[in-house]
Amino acid sequence: MKNREINAIGSPTYFPTACSIQDEYISSKLDLSIIIPVYNEEENIAELYERLCSILSVLDKTYEIIFVDDGSNDNTFQEIETIPDSNIRIIKFQRNYGKAAALSYGFNKSRGDFIITLDGDLQDDPKEIPRFLEKLKEFDMVSGWKVKRQDPISKTFPSKCFNRLTRFITGVGINDFNCGYKAYNNYVVKNINLYGELHRYIPALAYWKGYTVGEIEVEHHPRVHGESKYGTGRLFKGFLDLITVTFLMMYKKRPLHIFGGIGFLLGFSGVIISLYLMVLWIMGVKIGDRPLLMLGILLTVIGAQFISLGLIGELITNSRNNDDYIIKYDIIKYDSYELENAR
Ligand code: UDP
Ligand code: MG
């Protein structure tokens, strides 16, 4: 069993243990990778595969379909495993790590020049794939927009608010951040660090890295089989994630700029209050029982704490390798280099 698991890459006919075949598989390139995170979607797999094939077979592109089974406890894995198609790769997580982890792992393993992600619950229609690929000629990544979202109002209304807020805070002008249907040039996904539930913010993460983000309207179908894995509780988590993402992007490199700024404001107010009270005390006014004294001391101490927090943040940032700049070009003028050396 162990051997089978290690080598279960690519097709139901498993590779022998020889590393070279695996290496060859991993380094071979394709036109397109379809990544589908699935968690307890056993009833949807067969139909999804049929629909995908009917589109992919006429595309004239080499492709792979990567199913990432996010620790399903139904027959999702078996359903995928029985499909006799060597374009399929199945990855199964030991337990449910979440959609962001599934996507991230799929991104790492993908071999396509273009990557498309879609949900495995048949709500996203594979017929949109050619339109995504067309739009990718203009943008580094393209996000789907479920204009007529086929979900209950308990999901669509919070989602509208969430999208407005995210658009406002991140500055990315798209309408549907949380759409699972997206397309990327492969260099975009290789440069994005996803964890927790940050999959909702991929357009913002990409945009902040300097990539262009486009959007196309996509058809959305109601869920027929299985149930949604996300309740309204995700709104709160989504909001916390928004703070994380904003913080990471704006202040990751300079923590003191935010903590130091807040600390300075609080501490400065505390010092002013204390100075004022000191003047009163010198003039002989009793200040020992004044609430303002407490406030002055409190603000000064909290201010100092914020500044220390910022400095600790700077220490941490400094000790890590933060060279995560994306280099678009690095051209060495070959001729002039030779000339210089010849002198
Ligand atoms: N999913 C996953 N891991 C999870 C939750 C969901 O891989 O922990 C997958 C799920 O199987 C589906 C996609 O993510 O393919 C979107 O999930 P869902 O349809 O439940 O989300 P909704 O459409 O309700 O927002
Ligand atoms: Mg869904």
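Just so you know, all these numbers are worked out from the coordinates, no wet-lab data involved. Fair warning: this is a prediction, and the values are worked out from it, not measured in the lab. We place every Cβ from the backbone using ideal geometry, glycine too, and count neighbours over all the protein chains shown.
Springs between alpha-carbon atoms under 10 Å, Gaussian network over the chain: tell me which of Pro84, Pro255, Pro130 tops the mean-square fluctuations. Maximum among the listed residues: Pro84.
In this structure the amide hydrogen of Asp69, modeled in the peptide plane, comes within under 5 Å of the amide hydrogens of Val38, Ile91, Lys92, Phe93, none closer than 5 places in sequence on its chain. Ranked for footprinting exposure by Cβ neighbours inside 10 Å, fewest first, Cys53, Cys161, Cys179 give Cys161, Cys53, Cys179. On full extension, the segment bounded by Thr212 and Ile21 gains 65.1 nm, given 0.36 nm per residue less the C-alpha separation.
Under Stokes-Einstein, with the Kirkwood radius over Cα pairs as Rh, the value for region 135-245 at 10 °C and 1.306 mPa s is 109 µm²/s.
When you filter the GluC sites (Glu not before Pro) in region 127-193 for DSSP loop state and at most 14 other Cβ atoms inside 10 Å of their Cβ, you are left with Glu138. Taking other Cβ atoms within 10 Å as a rough exposure proxy, Arg164, Arg131, Arg234 sort from fewest to most as Arg164, Arg131, Arg234.
Karplus-derived 3J(HN,Hα) values for region 207-216, using 6.51 cos²θ - 1.76 cosθ + 1.60 with θ = phi - 60°, are 4, 5, 7, x, 8, 8, 10, x, 9, 10 Hz; glycine and proline are entered as x.
Size descriptors for region 98-180, from the alpha-carbon set: Rg then Dmax equal 14.0, 38 Å.
Debye-formula intensities of region 255-319, expressed as log10 I(q)/I(0) at q = 0.18, 0.19, 0.23, 0.24 Å⁻¹, are -0.63, -0.67, -0.82, -0.86 (one equal scatterer per alpha-carbon, no solvent). Shown here for region 53-127: trypsin sites (Lys or Arg not before Pro) in loop regions (DSSP other than H, G, I, E, B) with at most 16 other Cβ atoms within 10 Å, namely Lys61, Arg95. In this structure, the amide hydrogen of Ile88, modeled 1.01 Å from its nitrogen in the peptide plane, lies closer than 5 angstrom to those of Ile65, counting only residues at least 5 positions away or on a different chain. Taking amide hydrogens as placed 1.01 Å from N in the peptide plane, the amide H of Val218 sits under 5 Å from those of Trp145, Lys146, Val147, each at least 5 positions away in sequence or on another chain. The C-alpha atoms of the chain define a longest principal axis, and helix 99-109 lies at about 60 degrees to it. Per residue of the chain, the DSSP helices (runs of n ≥ 4 H) give a summed -39500 (n - 2.57) that works out to -15000 deg cm²/dmol at 222 nm.
Shown in residue order for region 68-74 are the 3J(HN,Hα) couplings computed by the Karplus curve 6.51 cos²θ - 1.76 cosθ + 1.60 at θ = phi - 60°: 10, 7, 7, x, 4, 10, 10 Hz (x for Gly and Pro).
Of Ile35, Ile153, Ile55, the residue with the greatest mean-square motion in the GNM of the chain, using alpha carbon springs below 10 Å, is Ile153. Residues of the chain were split at every exposed loop site, defined as chymotrypsin sites (Phe, Trp or Tyr not before Pro) in a DSSP loop with at most 10 other C-beta atoms within 10 angstrom, and the longest piece left, sites excluded, is 1-324. In degrees, nearest 10, range 0 to 90: what is the angle between the Cα axis of helix 234-251 and the longest Cα principal axis of the chain? Helix 234-251 sits roughly 70 degrees off the main axis of the chain.
Restricting the GluC sites (Glu not before Pro) of region 171-270 to loop positions (DSSP other than H, G, I, E, B) with no more than 12 neighbouring Cβ atoms within 10 Å leaves Glu227. Cross-link list Lys109/Lys252; Lys127/Lys182; Lys99/Lys137; Lys127/Lys190: which exceed 19 angstrom alpha carbon to alpha carbon? Over 19 Å apart, Cα to Cα: Lys109/Lys252; Lys99/Lys137; Lys127/Lys190. For the chain, the relative contact order comes to 15 percent (Cα pairs under 8 Å, sequence separation of at least 6).
In whole Hz, with x marking every Gly and Pro, tabulate ³J(HN,Hα) for region 38-48 from phi via Karplus 6.51 cos²θ - 1.76 cosθ + 1.60, θ = phi - 60°. Residue by residue, region 38-48 yields 10, 9, 6, 10, 3, 6, 9, 4, 4, 5, 4 Hz.
Relative to the longest principal axis of the Cα atoms of the chain, helix 255-282 runs at roughly 10 degrees. Placing one equal scatterer on every Cα of the chain and applying the Debye formula, the log10 ratio I(q)/I(0) at q = 0.08, 0.11 Å⁻¹ is -0.53, -0.83. Running a GNM on the chain with Cα contacts under 10 Å, which residue among Val285, Val188, Val301 ends up with the highest mean-square fluctuation? Maximum fluctuation in the GNM of the chain, among the listed residues, is at Val285.
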